[in-house]
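Enquirer: Below you'll find the structure I mean.
The values are calculated or read from the model by the stated rules, or taken from the named source; none is laboratory data. The model shown is predicted, which means the values in this text are computed figures rather than measured ones. As a convention, Cβ positions derive from the backbone with ideal geometry for all residues, glycine included, and neighbour counts pool all protein chains shown.
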Amino acid sequence: MGGGSGVRAPLQGGLPPSGPPVGAVVEIACDESGFSGTNLLHSTAPVITHASVDLATDEAVALITALRSGFRFSPHEFKSGHFLRRPGADEALEWFFAALTGRAHVHLIDKEFFLVTRIVDLLLTEPSYAAGTRLARDHHQTAVALHEAGHSAGSDWALFLSAFVDLVRMKRRLPVDLTVRRFFEARDALLGHRLGAAADAVLDGLDPRRVRALVARLDGDDRSVPPPLEPLLPALAETVLSWSDGRRQVLVTHDEQSALTADRLTRLQRALAGASVAGALPPGVSPLAGLLMVDSRDDPRVQVADLLAGVARRMPGIIDDRLRQPLPSRRDP
């Protein structure tokens with residue numbers, strides 16, 4: 001939005017399709033809730049949710065209209081906070097979920113666990129845009145072991161994660177020598193707790209030379225390294241892979257997000273094209289057909305995804321299998 005003039009700034013980012021889709025395609029609309037940029041440890045929202053729906057525009061309008069008429073929601077209440085606080089919310093929520101069964105998907109990210117996966121993916125292996133997704137599961141159990149054991153170290157665990165954030169933060173970073181030293185001091189303090197063979201092996205495997213090399217690549221704007229503190233990219237990848245199921249391309253309409261730059265989306269698109277997922281897509285064809293940015297105020301499909309993401313963030317336990325795996329799209333050609 002521009003100053004007080006009411007003029008909107010042009011949308012940033014996105015990756016328009018480079019040509020017609022290959023074979024079947026499904027169009028989805030997405031939004032997130034709980035995304036706080038690089039503020040992953042000190043946010044009031046420990047979970048990020050990324051929600052998507054395959055509704056057509058008229059279907060989304062009808063759903064919003066039904067909520068407002070049948071359950072008497074006013075326009076300003078079509079946000080998860082208002083939605084969950086008003087009388088009759090339970091009934092409205094059950095109706096909302098039933099209406100979206102098979103038409104929606106929710107991906108949840110624990111911010112702390114995301115940081116642990118980044119430590120493993122960036123500092124122990126060659127960084128990749130496939131990291132943090134089902135396409136790079138080789139080190140997943142390693143991250144799980146470190147995450148589960150780390151909490152027993154109390155404040156030293158929090159200091160270790162904080163030192164990692166300071167190490168890879170792209171802006172306002174302290175001098176490199178200081179951040180590297182603090183990171184390994186925090187690592188050594190964790191090792192003193194004897195967290196167990198699996199967790200200690202991860203910590204022992206952290207090498208100062210490799211860590212310095214990664215920081216140098218980040219400082220040199222090496223864009224082949226995925227942004228260390230941006231969970232929205234692997235979340236988007238998982239969303240696309242879920243809707244594609246190896247059978248079709250996915251065209252995404254997304255609320256504007258500065259993290260989703262054209263360069264990053266291009267690299268993610270290429271990484272997904274190299275996925276060995278059995279299905280109908282020809283080899284080398286990415287399941288991500290493209291991503292278009294919109295202002296959520298202009299797109300009722302994104303408004304529905306926004307409401308779903310907000311409810312899921314506030315009540316993650318309520319998201320069941322109905323909203324974790326989308327069914328074959330009713331709008332499939």
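Enquirer: Going by the conditions given, is Leu272 touching a Ser or Thr at 6+ places or on another chain (Cβ under 8 Å) and either surrounded by fewer than 22 Cβ atoms within 10 Å (Cβ to Cβ) or at pLDDT 85 or above (or both)?
Expert: yes
Enquirer: Could you grab me the full set of residues in the stretch 100-143 that are part of a loop (DSSP other than H, G, I, E, B) and hydrophobic (A, V, I, L, M, F, W, C)?
Expert: Leu124, Ala130, Ala131, Leu135, Ala136
Enquirer: Before we move on, is Ser152 assigned to a loop (DSSP other than H, G, I, E, B) and of a type in the set (S, T, N, Q)?
Expert: In short, no.
Enquirer: Scan the stretch 113-137 for residues that are of a type outside the set (A, V, I, L, M, F, W, C), under 28 Å from Gly154 (Cα atoms), surrounded by fewer than 18 Cβ atoms within 10 Å (Cβ to Cβ) and in contact (Cβ under 8 Å) with a residue 12 or more places away in the chain and report the count.
Expert: Of the residues in that region, 1 qualify.
Enquirer: Still on this structure: If I go through the stretch 230-250 residue by residue, how many of them are in a loop (DSSP other than H, G, I, E, B) and either modelled with pLDDT of 95 or more or within 11 Å of the chain's Cα centre (by Cα) (or both)? Reasoning before the result, please.
Expert: Kept after step one, since they are in a loop (DSSP other than H, G, I, E, B), are these residues of the stretch 230-250: 230-231, 245-248.
Now drop any that are not either modelled with pLDDT of 95 or more or within 11 Å of the chain's Cα centre (by Cα) (or both), which leaves 230-231.
Residues that pass the stated criteria total 2.
Enquirer: I'd like to check something: does the stretch 288-298 contain any residue that is touching a Ser or Thr at 6+ places or on another chain (Cβ under 6 Å), assigned by TED's automatic domain parsing to the domain that holds Glu59 and modelled with pLDDT of 90 or more?
Expert: Checking the stretch 288-298: at least one residue is touching a Ser or Thr at 6+ places or on another chain (Cβ under 6 Å), assigned by TED's automatic domain parsing to the domain that holds Glu59 and modelled with pLDDT of 90 or more.
Enquirer: The conditions are (1) within 19 Å of Gly102 (Cα to Cα); (2) more than 15 Å from the chain's Cα centre (by Cα); (3) not in a helix (DSSP H, G or I), and Pro282 fails exactly one of them. Which is it?
Expert: Failed condition: (1).
Enquirer: Then there is this: Inside the stretch 162-193, can you point out the residues that are outside any helix (DSSP H, G or I) and over 17 Å from Leu123 (Cβ atoms)? Even if it seems obvious, please write down each step before you answer.
Expert: At the first step, the residues of the stretch 162-193 found to be outside any helix (DSSP H, G or I) are 169-175, 192-193.
Passing the criteria: Lys171, Arg172, Leu174, Pro175, Gly192, His193.
Enquirer: Out of curiosity, is Asp245 surrounded by fewer than 20 Cβ atoms within 10 Å (Cβ to Cβ), without any contact (Cβ under 8 Å) to a residue 12 or more places away in the chain and acidic (Asp, Glu)? Talk me through it step by step, then tell me what you get.
Expert: On the way: surrounded by fewer than 20 Cβ atoms within 10 Å (Cβ to Cβ): yes; without any contact (Cβ under 8 Å) to a residue 12 or more places away in the chain: no; acidic (Asp, Glu): yes.
Spelling it out, it is not the case that Asp245 is surrounded by fewer than 20 Cβ atoms within 10 Å (Cβ to Cβ), without any contact (Cβ under 8 Å) to a residue 12 or more places away in the chain and acidic (Asp, Glu).
Enquirer: Right, next: Looking at (1) in contact (Cβ under 8 Å) with a residue 24 or more places away in the chain; (2) farther than 20 Å from Gly23 by Cα, which one does Pro282 not meet, given that it meets all the others?
Expert: Here Pro282 meets the rest and fails (2).
Enquirer: Follow-up question, since we're still on this one. Select from the stretch 193-231 the residues that are over 21 Å from Leu159 (Cα atoms) and of a type in the set (Asp, Glu) and list them in ascending order.
Expert: Asp219, Asp221, Asp222 - these are the residues of the stretch 193-231 that are over 21 Å from Leu159 (Cα atoms) and of a type in the set (Asp, Glu).
Enquirer: Determine which single condition Ala153 fails, assuming it passes every other condition in (1) assigned by TED's automatic domain parsing to the domain that holds Met315; (2) on the phi < 0 side of the Ramachandran plot.
Expert: (1)
Conditions (1) loosely packed, with under 14 Cβ neighbours inside 10 Å; (2) more than 23 Å from Asn39 (Cα to Cα); (3) of a type outside the set (Gly, Ala, Ser), marked per residue:
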{"residue": "Leu206", "(1), (2), (3)": "no, yes, yes"}
{"residue": "Leu218", "(1), (2), (3)": "no, no, yes"}
{"residue": "Leu233", "(1), (2), (3)": "no, no, yes"}
{"residue": "Thr239", "(1), (2), (3)": "no, no, yes"}
{"residue": "Leu265", "(1), (2), (3)": "no, no, yes"}
{"residue": "Arg297", "(1), (2), (3)": "yes, yes, yes"}
{"residue": "Ala309", "(1), (2), (3)": "no, no, no"}
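Enquirer: Next question, about the same structure. State whether the residues of the stretch 202-220 include one that is among the small types (Gly, Ala, Ser), closer than 23 Å to Phe113 by Cβ, touching a helix residue (DSSP H, G or I) at 6+ places or on another chain (Cβ under 9 Å) and outside any loop (DSSP other than H, G, I, E, B).
Expert: no
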